[in-house]
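Read-outs throughout are calculated quantities, based only on the coordinates presented, and are distinct from any laboratory measurement. These numbers come from a predicted model, not from an experiment. For neighbour counting, all protein chains shown are included, and Cβ atoms are generated from backbone atoms with ideal geometry for every residue, glycine included.
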Amino acid sequence: MVLNLGNRVVNNYLLTGEDGHVLIDTGYANGFRGFRKKLAKANIDSKDIKIIFLTHAHDDHAGFLNEALNMTDAMVVLHPKAVEGLKRGQNSFEGGCSGRLAYLFCLILSVFGHGDHRFSPLREEFTGRLVTTDSELFRTMDLPFQVIEAPGHTADQVMLLKDGMLFCADAAMNDFPSIHRVIIWIEDLKQYKRTWDVMQKIDPDIIYPAHGKPFKTADLKKYAPYLDRIRLFPLKRRQ
Ligand SMILES: [Zn+2]
């Protein structure tokens, strides 16, 4: 079963299973209360969350990772490149916004004090619970899903595939201010396009983005030509 324990801004999917649950990402820090409430309402014991699948180290995906680790005994599956970002507690500012509307949106965020994209750095005590996808432990784990690398939005992004459902994180987006399912921030456009090719090749029954409603693979095919028209609008890094 797929539950969405997120909010209007960002989805937090929980894949429930007999042997425990998999939580995909941990929202913005201020989403933790809502997350906990939804968990309780769904009658889910937090100790049954065995895995936190961290798609990438961004403030709206790792916002309450410490709190989630604190309330569970879960291991965190993530790309090795995400570790540094988690310890730093701030998004990378490499790349740029994927269009004028996205750029405007980012400027508005910074006016409202959200421009530094910081989050609580991973606490030292939790570093032993990280399982990077290049580790021996990862290879020996019998995970109930497939991990697919999805660079472009960030270098550290991974997606989760299970039973025809692709949880694509920020490889695509289906909410304001996204146009044509394109995410608003892209670190590397070439890699981003390649990840769209990968998603189309997988051809899942349904794609669950981190932002907005699920959609069909056909949308990617329809909008892929638009990717060639994208140019990036960099933002100045705020310290
Ligand atoms: Zn992101």
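Of the residues L189, L160, which single one is buried (at least 21 other Cβ atoms within 10 Å of the Cβ) and within 16 Å of the ligand (Cβ to nearest atom)? Even if it seems obvious, please write down each step before you answer.
On the way: L189 fails: buried (at least 21 other Cβ atoms within 10 Å of the Cβ).
Step by step, each of L189, L160 is checked, and only L160 is buried (at least 21 other Cβ atoms within 10 Å of the Cβ) and within 16 Å of the ligand (Cβ to nearest atom).
I'd like to know if the stretch 92-99 contains one or more residues that are touching a helix residue (DSSP H, G or I) at 6+ places or on another chain (Cβ under 7 Å), buried (at least 16 other Cβ atoms within 10 Å of the Cβ), closer than 30 Å to F233 by Cβ and polar (S, T, N, Q). Step through it out loud before you land on a result.
Just the residues of the stretch 92-99 that are touching a helix residue (DSSP H, G or I) at 6+ places or on another chain (Cβ under 7 Å), to begin with: 92, 97.
Next, from what is left, pick out any that are buried (at least 16 other Cβ atoms within 10 Å of the Cβ): 92, 97.
If we keep only those that are closer than 30 Å to F233 by Cβ as well, we get 92, 97.
From what is left, the residues that are polar (S, T, N, Q) are 92.
There is at least one residue in the stretch 92-99 that is touching a helix residue (DSSP H, G or I) at 6+ places or on another chain (Cβ under 7 Å), buried (at least 16 other Cβ atoms within 10 Å of the Cβ), closer than 30 Å to F233 by Cβ and polar (S, T, N, Q).
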Fill in: Candidate set from the stretch 39-61 (those that are of a type in the set (D, E) and closer than 18 Å to V158 by Cβ); member that is surrounded by the fewest Cβ atoms within 10 Å (Cβ to Cβ)
D59
Worksheet entry | T154 being within 14 Å of the ligand (Cβ to nearest atom) and either over 25 Å from L15 (Cα atoms) or part of a helix (DSSP H, G or I) (or both) | no
Worksheet item: Looking at L104, is it more than 15 Å from the ligand (Cβ to nearest atom) and among the hydrophobic types (A, V, I, L, M, F, W, C)?
Response: yes
Item to complete: Six or more apart or on different chains, Cβ under 9 Å: which pairs go from a residue in the stretch 51-77 that's closer than 18 Å to S135 by Cα and more than 16 Å from the ligand (Cβ to nearest atom) to one that's part of a helix (DSSP H, G or I) and hydroxyl-bearing (S, T, Y)? Could you list them?
Response: A74/S46
Response to the item:
For the stretch 91-110, pairs from a residue that is more than 16 Å from M173 (Cβ to Cβ) to a residue that is in a helix (DSSP H, G or I), with Cβ under 8 Å and 6 or more apart or across chains, are S92/G85
